[in-house]
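Right, one structure below, let's go through it.
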Amino acid sequence: MNSEVNVTEKDSDKTIVELKHVEKYYGELHALKDINLQVKKGEVVVLIGPSGSGKSTLCRTINRLESINSGEILIEGKKLPEGGAELAGLRAEIGMVFQSFNLFAHKSILDNVCMGPVDVLHRPKEEVKKEAMELLKRVGVDSQAQKMPAQLSGGQQQRAAIARSLAMHPKVMLFDEPTSALDPEMIQEVLDVMIELANEGMTMIVVTHEMNFARRVADRVVFMADGAIVEENTPEEFFTAPKSERAKEFLESINRH
Amino acid sequence: MTISELLSQYGEKYIQALLTTWQLTALSFAGALVIGIIITVMRVCPIKPLRIFGDLYVQIFRNIPGASLLIVLVYALPNLNIILSYYQCVLTATTMIPAAFCSEYLMSGIDAIGIGQIEAARSLGMTFGTMMRKVVIPQAVRFSVLPMTNLLIATMLTTSLASQVPLNPKDLTGLVSYINTRDVGGVTSFLISSIMYCGTAVIIGQIGSFIDKKVRIIR
């Protein structure tokens with residue numbers, strides 16, 4: 001699958017997320033080095049790279065869970081606010097799925113999905129509940145709606161967390177290693193939900209170690225090492241003929257086991 | 001004096017004293033919860049001066065002896081033209097100190113929630129206030145039911161400070177010292193009040209563990 005074909009299929013050139021010369025330091029550590037990245041509407045961009053390469057940090061800067069030291073992050077052309085109600089309002093439009101699910105432990109699965117629309121967007125509860133049930137059905141955990149998060153398996157929790165994000169009708173969804181904390185037999189059920197989302201045209205930025213997923217779903221693979229973007233390519237080319245030495249080494253180290 | 005002699009002579013006063021102790025305890029604890037929650041929100045809020053104020057409050061009132069605070073309230077406040085009744089002085093002391101402990105218990109409850117849920121709340125676009133009301137405080141309170149139960153008992157015991165000022169009607173400890181200045185009540189007069197303290201503590205403890213089982217978050 002060619003990425004350009006994909007973009008025209010999804011018929012948009014609208015840039016949703018843009019990073020310009022983003023730099024971030026953790027004390028002495030130069031965590032992000034001159035990051036430039038554009039994500040268009042409907043695109044699925046997969047960030048891969050060795051651990052500590054900055055891919056999670058990069059993902060988390062996009063809704064400012066991590067601040068940056070310099071550079072610019074634009075969401076639909078508008079600069080990401082630094083704080084306050086403006087930032088909260090923008091975060092409401094960006095979905096985020098975490099490695100450790102992070103469902104609210106004191107609320108049922110259904111309430112978890114309803115909370116954003118009701119408490120942030122102030123939509124009527126009954127209407128939201130109906131939609132939440134539909135979303136839970138879509139990710140296949142509707143039968144668990146009344147249970148508490150801890151009563152669900154990891155895979156079910158992660159699918160519920162995806163539904164919670166979807167309930168906000170996000171413009172873009174960030175996935176920060178969504179399957180890394182899952183038992184192997186549960187990874188596929190979460191990936192299936194993500195694949196479905198991608199096919200429906202959701203704009204997605206995904207940090208993952210699931211190379212098959214990247215190969216199958218990504219429009220573009222962004223390879224990072226030591227805080228910098230080393231290579232950006234179509235999945236086909238990246239996995240068969242990587243340009244950079246670092247990417248070659250990385251792919252070899254994965255294929256070894 | 002024997003127990004029956006004490007009861008026949010002072011029985012009514014004991015009941016009155018128990019009710020006074022209960023009243024002081026209930027008012028102090030309710031006040032401590034409200035102040036404790038406010039102080040805790042200050043301590044985790046994004047505004048630095050408020051955070052410093054909250055920490056300072058806890059450091060001061062966690063570390064001041066109750067009797068010293070009461071003396072300050074009774075003797076020093078009038079210098080600032082603030083004149084409280086003895087009852088109000090006792091109530092202030094028995095509220096301010098437990099409020100500091102209340103905040104400490106809530107803070108450890110907040111620690112137990114974990115950064116992940118906080119980040120999830122922020123990612124959904126919750127403001128600080130919404131996140132506090134909907135995610136943080138409800139869970140912190142659930143996590144701290146048992147320590148709060150202990151705090152309620154400790155607050156009750158702290159109300160014995162009331163014995164240090166002239167109050168009418170008296171609290172349980174105040175009554176014991178009243179009896180012993182008039183009669184030879186001896187250890188027996190204290191025994192009756194301590195049974196009342198212990199009985200109350202046992203009831204509080206039972207209710208506390210009942211509530212804890214009800215609201216505990218399955219993890």
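Points worth noting:
- Checked against the criterion of being part of a helix (DSSP H, G or I), closer than 26 Å to B:Ala100 by Cα and within 14 Å of another protein chain (Cβ to nearest Cβ), the stretch B:145-164 has at least one qualifying residue.
- With respect to the conditions (1) of a type in the set (A, V, I, L, M); (2) closer than 29 Å to A:Ala167 by Cβ; (3) buried (at least 24 other Cβ atoms within 10 Å of the Cβ); (4) touching a helix residue (DSSP H, G or I) at 6+ places or on another chain (Cβ under 8 Å), A:Leu32 lacks only one, and its number is (2).
- Listed by first and then second residue, the pairs linking a residue in the stretch A:84-99 that is at negative phi and at the interface with another protein chain (Cβ under 8 Å from one of its Cβ atoms) to a residue that is of a type in the set (Ser, Thr, Tyr) and in a loop (DSSP other than H, G, I, E, B), with Cβ atoms under 8 Å apart and 6 or more places separating them unless they lie on different chains, are A:Ala85/B:Thr127; A:Ala88/B:Thr127.
- Of all the residues in the stretch B:165-187, those that are in a helix (DSSP H, G or I) and in contact with a Ser or Thr (Cβ under 7 Å, 6 or more places away or on another chain) number 8.
- Complete set of residues in the stretch A:64-83 that are crowded, with 16+ Cβ neighbours inside 10 Å and more than 7 Å from chain B (Cβ to nearest Cβ): A:Arg64, A:Glu66, A:Ile68, A:Gly71, A:Ile73, A:Ile75, A:Leu80
- Filtered residues of the stretch B:126-144 (kept if polar (S, T, N, Q), assigned to a helix (DSSP H, G or I) and surrounded by fewer than 20 Cβ atoms within 10 Å (Cβ to Cβ)): B:Thr130
- Residue within the stretch B:75-85 that is surrounded by 13 or more Cβ atoms within 10 Å (Cβ to Cβ) and under 23 Å from the mean Cα position of the chain (by Cα) present: yes
- Residue in the stretch B:202-218 that is basic (Lys, Arg), within 14 Å of another protein chain (Cβ to nearest Cβ) and out of contact with any Asp or Glu (no Cβ under 9 Å at 6 or more places or on another chain) present: yes
- Candidate set from the stretch A:50-63 (those that are assigned to a loop (DSSP other than H, G, I, E, B) and more than 9 Å from chain B (Cβ to nearest Cβ)); member that is modelled with the highest pLDDT: A:Ile62
- Pairs meeting the criteria (first residue in the stretch B:17-45 and farther than 17 Å from B:Ser108 by Cα, second residue of a type in the set (Phe, Trp, Tyr), beta carbons under 8 Å, at least 6 apart or on different chains) are B:Thr21/B:Tyr197.
- Note on the stretch A:102-121: residues that are more than 8 Å from every other protein chain (Cβ to nearest Cβ) and either in contact with a strand residue (DSSP E or B) (Cβ under 9 Å, 6 or more places away or on another chain) or farther than 12 Å from B:Gly125 by Cα (or both) amount to 8.
- Flag for B:Ala100 being over 20 Å from B:Val34 (Cβ atoms), in contact (Cβ under 8 Å) with a residue 12 or more places away in the chain and buried (at least 20 other Cβ atoms within 10 Å of the Cβ): no
- Qualifying position, being in contact (Cβ under 8 Å) with a residue 60 or more places away in the chain and out of contact with any Ser or Thr (no Cβ under 7 Å at 6 or more places or on another chain), among A:Leu152, A:Leu197, A:Leu174, A:Leu135: A:Leu174
- Taking (1) surrounded by fewer than 21 Cβ atoms within 10 Å (Cβ to Cβ); (2) over 18 Å from A:Val46 (Cα atoms); (3) in contact with a helix residue (DSSP H, G or I) (Cβ under 8 Å, 6 or more places away or on another chain) in turn, A:Lys130 satisfies each apart from (3).
- Contact map, the stretch B:175-197: first residue in contact (Cβ under 8 Å) with a residue 60 or more places away in the chain and under 18 Å from B:Thr159 (Cα atoms), second residue in a helix (DSSP H, G or I) and among the basic types (Lys, Arg), Cβ cut-off under 7 Å, separation 6 or more or different chains; pairs are B:Leu175/B:Lys13.
- Pairs linking a residue in the stretch B:111-133 that is more than 8 Å from chain A (Cβ to nearest Cβ) to a residue that is β-branched (Val, Ile, Thr) and not in a loop (DSSP other than H, G, I, E, B), with Cβ atoms under 6 Å and 6 or more positions apart or on different chains, are B:Met132/B:Val41.
The values are calculated or read from the model by the stated rules, or taken from the named source; none is laboratory data. Model, not experiment: these values are computed from the prediction. Positions of Cβ are backbone-derived with ideal geometry, glycine not excepted, and every protein chain shown enters the neighbour counts.
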